[in-house]
Amino acid sequence: MTPANTPVASPRPSACPGLWRIVSARDGGICRIKLPGGLLLADQADAVAAAAERFAGGVIEATNRGNLQIRGIGSDHAGLVECLLAAGLGPRDAASDDVRNLMLSPLAGHDPSMLLDVRPLAGQILDLLQGTPRFHELSAKFAVQLDGGEGVAMLDHPHDLWLSALRLEQRDWLAFGLASCPADGQVLGAVPLEQGLALVRAVLDRFLDLASPEQSRMRQLLQGCPAEVFINSLGVQIRRDTAVLEWHRQAAEHPWLGAVTQRDGMALGVAPPLGRLSPAMLRGAARVARQWGDGSLRLSPWQSLMLTNITAAGLEQARAALSALGLLCQADEPLARMVACTGSSGCAKGLAETKADAVELAALLGSGAPGSVHLSGCPRSCAVAHVAPATLLARAPGRYDLYLRDAHLPGLGALRGTDLTLNEAGAMLALPTEHLDD
Ligand code: SF4
């Protein structure tokens, strides 16, 4: 099959955007570009910027799974896809576009805290996903995380399967869990690093053996099939002693914005305000990566970019250039603490203009902005994959319910205020509370 072919129908059809599946929204079509482990080369960044200008309204979004999407696409879908494919931004074949869901740390291979460089195994897993026709039946949302023990790591996003490096008896192992995340401590077992690929293959195969077409995610399957029964049926030797089952992934300790120490140099993390890049921002970031870095950008699950291997001499100039483009370079900038979905300007389900409201709220809070505030236009909560410390859930234009995360409560947490204006919400968020630490 050539890449330009239309993808085959999946038994688990998706409403999510893909490269070919340009989904219609209030502000035009949306095309999602899946990046291998979040990696985007500078030339590819230029191609995305050019495509967003030529075929769409020029809005590019960083997603919370380390991918990109172009919004506001007009009628020439084929022209857009052709440009993206020519830049090497497509899958190996059309049928495998949806399954390329493997999340890595944006500092994979460079992080000073990592236990191992997961990039070789990540490449094998992506090859497995793309090269195995049966796995193309997986839902476009079915996702795998591979964590090498990096200090810059997203540990709260639930994944259908996650693997996390640990070292026992001077040997590298991969602990794993299902339908959970490394931060929640539900380790089901471990395999030697060399068996990691076999474990992934076995989990995916077994999932497809057991799941009905309606069961698109691992958590749905596990509602009727206990996790222990599932892993005992994998046919892979799994270590399940107390050293493994009582192991906890250390918290990630490095910031993802600003200058970050690499194992072999420095990296720079920058965030587009509320996850949105203009073509000029993306081109500018590519230029900086070429001039002072290694010519690559890594998209992160925080809807941000990491530029790796920045020369010591160029660090300040690179930071100044990125800041001049409007990219946020410091974690204490109020807007860097806001996350907002598309909202009513681009999404028919939105009850409020979440992005514009987030800008206003950031200005109201100033340096008093708490750890992280998520504004969601409706309960679908598209902008974050986990529960934020504070969530403002829209009820009507400019009016929100405020929830504070509480580990003892399901959903968004404790309801602290209803039908609040932005001023009222801002006043409550400015109050010191331990719940607002990220
Ligand atoms: S959370 Fe709701 S309003 Fe916001 S983008 Fe998703 S579906 Fe639309």
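Just so you know, all these numbers are worked out from the coordinates, no wet-lab data involved. Remember, predicted model here, so these are calculated numbers, not experimental data. Counting neighbours? That spans all protein chains shown, and the Cβs are built from the backbone with ideal geometry, glycine included.
For the reader, a short list of remarks on this structure follows.
- Whole-percent pair-distance distribution, where bins are 5 Å wide, for the alpha carbons of the range 190-313: 2, 9, 13, 12, 10, 10, 11, 14, 12, 6, 1, 0
- Per-peptide average of other Cβ atoms within 10 Å, ordering 114-125, 225-236 highest first: 114-125, 225-236
- Working from label points 7 Å from Cα in the Cα-to-Cβ sense, the ALA348 to LEU245 distance is 5.0 nm.
- Highest average first, the peptides 319-327, 103-111 ordered by how many other beta carbon atoms sit within 10 Å of their residues are 103-111, 319-327.
- GNM result for the chain, Cα springs below 10 Å: residue of HIS386, HIS374, HIS408 fluctuating most strongly: HIS408
- Cα gyration tensor shape for the range 85-224, rounded if a/c is under 1.5, else prolate or oblate: oblate
- On the basis of the beta-carbon distance and an R0 of 25 Å, ALA363 and ARG395 show a calculated FRET efficiency of 0.70.
- Cut-off under 5 Å, modelled amide H: who pairs with ALA390 long-range: SER372, HIS374, ARG405
- In this structure the amide hydrogen of LEU297, modeled in the peptide plane, comes within under 5 Å of the amide hydrogens of LEU40, LEU41, ALA42, none closer than 5 places in sequence on its chain.
- For ASP111, nonlocal amide neighbours, meaning residues 5 or more places apart or on other chains whose placed amide H falls under 5 Å from its own, are ARG263.
- Residue among GLU424, GLU169, GLU61 with the largest mean-square fluctuation in a Gaussian network model of the chain, springs linking Cα atoms under 10 Å: GLU169
- Shape call, the range 281-438: gyration tensor on alpha carbons, a/c limit 1.5: prolate
- Size-normalised alpha-carbon gyration radius of the range 258-330, reference 2.2 N^0.38 Å: 0.96
- Taking the Cα centre of the range 258-330 as origin and assigning +1 to Lys and Arg Cβ atoms and -1 to Asp and Glu Cβ atoms, the resulting dipole is close to 180 debye.
- Beta bridges by DSSP in the chain, antiparallel share as percent, to the nearest 5: 80
- Taking a ≥ b ≥ c as the square roots of the eigenvalues of the alpha-carbon gyration tensor, the range 336-429 is classed rounded because a/c is under 1.5.
- Vicinal HN-Hα couplings computed from phi for the range 389-405 (Karplus, 6.51 cos²θ - 1.76 cosθ + 1.60; Hz; Gly/Pro x): x, 9, 10, 10, 9, 5, 10, 6, x, x, 10, 9, 9, 9, 10, 10, 4
- Considering only the range 302-436, percent of DSSP beta bridges that pair antiparallel, nearest 5: 60
- Diagonalising the gyration tensor over the Cα atoms of the range 53-100 and scaling each eigenvalue by 5 before taking the square root yields semi-axes of 18, 15, 9 Å, largest first.
- Label separation (THR132 vs ASP419): 5.3 nm, computed from points 7 Å beyond Cα along the C-beta direction.
- Based on alpha carbons, the Rg and Dmax found for the range 123-180 are 13.1, 38 Å.
- Residue of LEU245, LEU297, LEU39 that the Gaussian network model of the chain assigns the largest fluctuation, springs spanning Cα pairs under 10 Å: LEU245
- Shown for the chain is the translational diffusion coefficient from the Stokes-Einstein equation, using the Kirkwood radius over Cα pairs, a temperature of 4 °C and a viscosity of 1.567 mPa s: 58 µm²/s.
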